[in-house]
1. Using only the alpha carbons of the stretch 85-197, what is the convex hull's orientation-averaged projected area in square nanometres?
2. Per the Cauchy relation, a quarter of the hull surface: what is the mean projected area of the convex hull of the alpha carbons in the stretch 150-250, in nm²?
3. Can you compute the radius of gyration and Dmax for the stretch 207-257, using only the Cα atoms, both in Å?
4. The list (i) 1.21; (ii) 1.02; (iii) 0.94 gives values of Rg/Rh (Cα atoms, Kirkwood Rh), and only one came from this structure; which label was calculated from it?
5. Order 108-114, 258-264 from most to least packed using the mean count of other Cβ atoms within 10 Å.
6. To the nearest 20 debye, what is the magnitude of the charge dipole of the chain about its Cα centre, counting +1 on the Cβ of each Lys and Arg and -1 on the Cβ of each Asp and Glu?
7. Can you work out ³J(HN,Hα) from phi for every residue in the stretch 18-23, in order, using Karplus 6.51 cos²θ - 1.76 cosθ + 1.60 and θ = phi - 60°, giving whole Hz and x for Gly and Pro?
8. Using the Karplus curve 6.51 cos²θ - 1.76 cosθ + 1.60 with θ = phi - 60°, work out ³J(HN,Hα) for each residue of the stretch 61-70 in order, rounded to whole Hz, and write x for Gly and Pro.
Amino acid sequence: MSGKKDKWGFWIKKNTPELVGKTFENSKGHLYTVLNRLTVDRYLIVFHKTGFITSLTNKDVKSGMIKDLYAPEVYGVGYMGEGVSKRDTPLITKAYATWSGMMRRCYAEWERHKNPSYAGCVVSDDWHHFREFLLWFEDNYIEGFHLDKDVLSPVGYKVYSKDTCEYVPRHINTLFTNTKAKRGAYPQGVYYKKKNRKFVAQVCNGRGIQTHLGLYDTPEEAYAVYMKKKMEVSKKILRDALNNKCISDKFYVKSIKYLENQLKGEYECLINVY
């Protein structure tokens, strides 16, 4: 072969420019620099912003057809990292759908306008990396269960993290559902019956069946009855779930306190309004 060798002993093709030390830009606008030449047609490159290092062919170096796997491209926060694809297995596909859904609810501006209840919700820094979330998901995911973050989060915060998330049965998750946006002027468990000119209190047994709790002159009276019965029913449902190993001890204890605070908070708002 005619020509000369580079400092690593590889033959340099005629009219082929030396790439080491040169900087390029990929299709997302991320800059990377060629660090070293590994083989006759393969180079080591580093991305400026994240420090991600990988190797490319001569052709790919010039074309910019390479992704920075640590660039926060999922709703401006999340990144995939190395060694995993969102389509590797059905379980990983489910994990990715859950993870990207968390990112959307917490960081997509249009989602926060659509669902104001997610205002202030965040994902822990380590879970910005999909692979880190996947490791937790593989150990904790239960088919048919729902991911709950509210009960285990510190009071006043809504955080998706390995310390604040737990998969729980759907009927447990719905115990804490606040339907304020849908139920109108009166608190949960209360509605006005025109025929009797009274306020009706009713409570759900956790599986979609409503129990009538009587008629009352004011919404405050009706809600007080509802609140007491709601706690009674919920404690039994949670105890059964604990005994059947559907929830952890930690979740059981925290959920009772969480529900008490939720109900008392709504009662305080109610007496201030009526």
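1. One quarter of the hull surface, i.e. the mean projection, equals 9.3 nm².
2. 7.5
3. Calculated on Cα positions, Rg and Dmax stand at 13.8, 42 Å.
4. Correct label is (i).
5. For the peptides 108-114, 258-264, the packing ranking is 258-264, 108-114.
6. On the way: 45 positive and 30 negative charges, 143 e Å.
Magnitude of the dipole: close to 680 debye.
7. 6, 9, 4, x, 7, 10
8. The phi angles translate into 4, 6, 6, x, 8, 8, 9, 7, 5, 10 Hz.
The values are calculated or read from the model by the stated rules, or taken from the named source; none is laboratory data. What you see is a predicted model, and the numbers here were worked out from it, not measured in a lab. Don't worry about glycine lacking a Cβ; one is built from the backbone with ideal geometry, like all the others, and counts go over all protein chains shown. All accessible areas refer to the heavy atoms of the entire protein, side chains included, with ligands and DNA or RNA removed. Shrake-Rupley method; radii C 1.70, N 1.55, O 1.52, S 1.80 Å.
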